[in-house]
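K.L.:
What follows is a single structure, and I will ask about it in a moment.
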C-alpha cells in the first residue's frame with residue numbers, strides 16, 4: 001500500500017474505499033436474498049422431497065428401518081402381552097431390540113422369507129381351489 005502524502009491522495013483513497021464498500025455491500029445483499037429464498041420453508045420441503053425421490057437407496061433404507069421397528073414392536077407385544085411381570089417385560093424389550101436390529105441389518109433375507117411364506121400360503125389355497133373345482 002502506498003503512503004498518502006497530501007489531501008488529494010487521501011480523498012482519492014477514501015473514495016476508492018467507499019466504492020469498494022458499496023460493491024461489497026451489494027454482493028452481501030444479493031447473497032442474503034439468495035439465501036433467504038433458498039431457506040424458505042416451501043423450498044426446504046421441496047428440496048427434501050426431491051432428494052428423497054432421487055435417492056432409491058434412501059427410500060429402501062427407510063422402509064427397511066420401519067420394517068425392523070414394526071417387527072420388533074410386534075415381537076415384544078407377542079412375548080409380553082398384557083403381562084405385568086417385570087421379567088417378561090425385560091425379556092420383551094431385549095427381544096424387541098434384537099429383532100429390530102436383525103430385521104434392519106438383514107432386510108433381504110426377511111423379504112425372501114416373507115415371499116416364500118406368501119407363495120406357500122397361496123399355492124396351498126390355489127391347490128385347494130383346483131381340487132374343489134375338479135370334484
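Every number here is computed from the coordinates shown, using simple stated rules; none is lab data. All figures in this text were calculated on a predicted structure; none of them were measured in a lab. Cβ placement follows ideal geometry from the backbone for every residue including glycine, while neighbour counts extend to all protein chains displayed.
K.L.:
Using only Cα atoms, tell me the angle between helix 107-134 and the longest principal axis of the chain; keep it within 0 to 90° and round to the nearest 10.
P.N.:
For helix 107-134, the angle is close to 40 degrees.
K.L.:
Output the 0 to 90 degree angle, nearest 10, between the alpha-carbon long axis of helix 86-105 and the longest principal axis computed from the alpha carbons of the chain.
P.N.:
70 degrees
K.L.:
At a temperature of 25 °C and a viscosity of 0.890 mPa s, determine how fast region 1-54 diffuses translationally according to Stokes-Einstein, using the Kirkwood radius over alpha-carbon pairs as Rh; express D in µm²/s, rounded to the nearest whole number.
P.N.:
The Stokes-Einstein estimate is 168 µm²/s.
K.L.:
Under a crude label model (7 Å from the Cα following the beta-carbon direction), how far is residue 42 from residue 113 in nanometres?
P.N.:
The modelled label-to-label distance comes out at 4.8 nm.
K.L.:
Find how many whole Å separate the alpha carbon centroid of region 2-24 from the alpha carbon centroid of region 52-97.
P.N.:
If we compute the Cα centre of each part, the gap is 69 Å.
K.L.:
Could I ask something else about it? Using just the helices of the chain, give the 222 nm mean residue ellipticity in deg cm²/dmol: DSSP H runs with n ≥ 4 each add -39,500 (n - 2.57), and the total is spread over all residues, rounded to 500.
P.N.:
Computed mean residue ellipticity for the chain: -31000 deg cm²/dmol.
K.L.:
Can you give the FRET efficiency to the nearest 0.05 for residue 60 and residue 91, using r as the Cβ-Cβ distance and R₀ = 41 Å?
P.N.:
Efficiency at R0 = 41 Å is approximately 0.85.
K.L.:
What residue among 56, 41, 107 shows peak mean-square fluctuation when the chain is described by a Gaussian network model with Cα springs under 10 Å?
P.N.:
The residue with the greatest mean-square fluctuation here is 41.
K.L.:
Here is a further query. Which three semi-axes in whole Å describe the equivalent ellipsoid of the chain, each the square root of 5 times a Cα gyration tensor eigenvalue, listed largest first?
P.N.:
70, 24, 13
K.L.:
Assuming R0 = 30 Å, what is the FRET efficiency of residue 121 and residue 50, from their Cβ-Cβ distance, to the nearest 0.05?
P.N.:
0.15
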